[in-house]
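Notes follow once the structure below has been shown.
The values are calculated or read from the model by the stated rules, or taken from the named source; none is laboratory data. Please read all numbers here as calculations on a predicted model, not as lab measurements. For neighbour counting, all protein chains shown are included, and Cβ atoms are generated from backbone atoms with ideal geometry for every residue, glycine included.
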Amino acid sequence: MFQWTAKMGRIGFFLTIFAFIGGLSPSTWSATPSSQRLPKNHLVENHFLTFQSELEPFSSPIARDLTINDEFISPIDQILSESFWISLPDQTQILQTSAPTGEKRWQFPVGTQVAHEIKFKDAHQTLFELRILEKLPGEVWGFGAYILNPNGDDDLILQTEAMEQRRELKLGSPEGREWLVKIAPLRQRTCAGCHQATTSNPAPEGEADKVGPCGFTAANPFVTGEWVQKFRAAKGYSPILER
Ligand code: HEC
């Protein structure tokens, strides 16, 4: 059976980098989340709670062709930070079932949103991307990346295929230097394929729309420990219903 470990995460990461970012396009298009726009402070407004990954930072790829002042940056945590968040609709629970092998499977309520927030470490902690996975009706997950509205208004907008080009941003470093950042986002068509390859909660073969979270599963001890306690304290009930 597939065992999710940090080491496999790394191996999977390199394999998938070649397979997905290198240009092979998997035929796993998936749905998008239900809204085209989100408020800038979506995570706070909608009472998301953070959870810790059990993988090393930046175990999932962030972008293609990232340079600052035309230099490639390595490792990328010098200039980017990431955090993980989840929100369940009010009074709902995750349904937990156990396979005969003892493996625990999670089924999430419709409306669940899991987020991967990625920010630059510039003077203003500018958002690069808010990646959202949303549980839609019919066991389907929508994948999308929201970005700052280039028109300058206050909402985040869902990135479309036409916006997947390399773009330029002018940012200020914390020490007051100028950063010319060039960055191309991941392609949305690669999201579900990679999640299917790296999750411990895989969807049935060939059902790309049913692929869900990678790190937010019953196999992550920080989720079943720390996050469950934090959820109980905040909401007053258990987020997990065992069947
Ligand atoms: C090459 C593999 C890969 C690709 C492509 C990828 N992800 Fe992920 N993603 C991961 C892994 C691995 C994690 C878990 C990271 C961790 O826990 O440190 C993750 C985590 C996440 C999370 C946090 C919740 C969770 O699943 O644990 C969200 C939300 C997410 N990804 C959305 C997306 C979206 C949207 C895209 C497409 C724009 C995408 N991902 C593309 C591998 C990938």
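Test Ala208 against the stated conditions and say whether it is within 13 Å of Gln107 (Cα to Cα) and either out of contact with any Leu (no Cβ under 8 Å at 6 or more places or on another chain) or free of Cβ contacts under 8 Å to residues at least 40 places away in the same chain (or both). Don't jump to the end; show me each part of the working.
On the way: within 13 Å of Gln107 (Cα to Cα): no; either out of contact with any Leu (no Cβ under 8 Å at 6 or more places or on another chain) or free of Cβ contacts under 8 Å to residues at least 40 places away in the same chain (or both): yes.
Criteria not met by Ala208.
Condition check ((1) assigned to a strand (DSSP E or B); (2) surrounded by 14 or more Cβ atoms within 10 Å (Cβ to Cβ)) across all residues:
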site	(1), (2)
Gly152	no, no
Ala162	no, no
Leu171	yes, yes
Asn201	no, yes
Thr217	no, yes
Ser238	no, no
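Out of Leu158, Leu95, which single residue is surrounded by 15 or more Cβ atoms within 10 Å (Cβ to Cβ) and either at pLDDT 95 or above or away from the ligand (no atom under 11 Å from the Cβ) (or both)?
None of the others qualify; the one that does is Leu158.
So, of the residues in segment 109-150 that are more than 11 Å from the ligand (Cβ to nearest atom) and buried (at least 21 other Cβ atoms within 10 Å of the Cβ), which turns out to be farthest from Ser59 (Cα to Cα)?
The qualifying residue farthest from Ser59 (Cα to Cα) is Lys135.
Given the conditions (1) assigned to a strand (DSSP E or B); (2) within 12 Å of the ligand (Cβ to nearest atom), report the number of the one that Ile183 does not fulfil.
Ile183 satisfies every listed condition except (2).
Can you tell me how many residues within segment 51-75 are more than 13 Å from the ligand (Cβ to nearest atom) and at pLDDT below 90? Walk me through it before giving the result.
Taking segment 51-75 as the starting set, the residues that turn out to be more than 13 Å from the ligand (Cβ to nearest atom) are 65-75.
From what's left, at pLDDT below 90: 73-75.
Here the count works out to 3.
Of all the residues that make up segment 97-144, how many are in a strand (DSSP E or B) and within 21 Å of Leu66 (Cα to Cα)? Please lay out each step first, then the result.
First pass over segment 97-144, keeping only residues in a strand (DSSP E or B): 97-98, 104-107, 113-120, 127-136, 140-144.
Pick out the ones that are also within 21 Å of Leu66 (Cα to Cα) and you get 116-120, 127-131, 144.
Count: 11.
When the residues of segment 78-92 are narrowed to those that are polar (S, T, N, Q) and at pLDDT 95 or above, which ends up nearest to the ligand (Cβ to nearest atom)?
We begin by selecting, within segment 78-92, every residue polar (S, T, N, Q); these are 78, 81, 83, 87, 91-92.
Those still in the list that are at pLDDT 95 or above too: 81, 83, 87, 91-92.
Numbers: Ser81: 13, Ser83: 9, Ser87: 12, Gln91: 22, Thr92: 18 Å.
Looking at residues that are polar (S, T, N, Q) and at pLDDT 95 or above, I get Ser83.
Would you point out the residue of segment 120-137, among those that are hydrophobic (A, V, I, L, M, F, W, C) and under 23 Å from Pro174 (Cβ atoms), that is farthest from the chain's Cα centre (by Cα)?
For segment 120-137, the residue satisfying everything is Ala123.
Output the number of residues of segment 36-76 satisfying the condition of being of a type in the set (A, V, I, L, M, F, W, C) and not in a loop (DSSP other than H, G, I, E, B).
So in segment 36-76, the residues of a type in the set (A, V, I, L, M, F, W, C) come out as 38, 43-44, 48-49, 51, 55, 58, 62-63, 66, 68, 72-73, 76.
Those left that are additionally not in a loop (DSSP other than H, G, I, E, B): 38, 43-44, 49, 51, 63, 66, 68, 72, 76.
So the count comes out to 10.
Can you go through Val140, Val114 and tell me which one is under 14 Å from the mean Cα position of the chain (by Cα) and in contact (Cβ under 8 Å) with a residue 40 or more places away in the chain? It would help to see each step written out before you state the result.
Details: Val140 fails: under 14 Å from the mean Cα position of the chain (by Cα).
Sole residue among the options that is under 14 Å from the mean Cα position of the chain (by Cα) and in contact (Cβ under 8 Å) with a residue 40 or more places away in the chain: Val114.
Answer with yes or no whether Glu175 is out of contact with any strand residue (DSSP E or B) (no Cβ under 9 Å at 6 or more places or on another chain), farther than 27 Å from Phe120 by Cβ and more than 16 Å from the ligand (Cβ to nearest atom). Lay out the reasoning, then the answer.
Working: out of contact with any strand residue (DSSP E or B) (no Cβ under 9 Å at 6 or more places or on another chain): yes; farther than 27 Å from Phe120 by Cβ: no; more than 16 Å from the ligand (Cβ to nearest atom): yes.
Judged against the criteria, Glu175 is not a match.
Taking Cys194 as meeting all but one of (1) more than 10 Å from the ligand (Cβ to nearest atom); (2) within 21 Å of the chain's Cα centre (by Cα); (3) of a type outside the set (S, T, N, Q); (4) at pLDDT below 95, write down the number of the exception.
(1)
Only residues in segment 56-84 that are acidic (Asp, Glu) count as the first member; pair them with residues that are outside any loop (DSSP other than H, G, I, E, B) and surrounded by fewer than 17 Cβ atoms within 10 Å (Cβ to Cβ), Cβ under 9 angstrom, at least 6 apart or cross-chain, and list the lot.
That search, which allows pairs on different chains as well, returns Glu56/Ala6; Glu56/Arg10; Asp65/Phe72; Asp65/Lys182; Asp65/Ala184; Asp70/Leu180; Asp70/Lys182.
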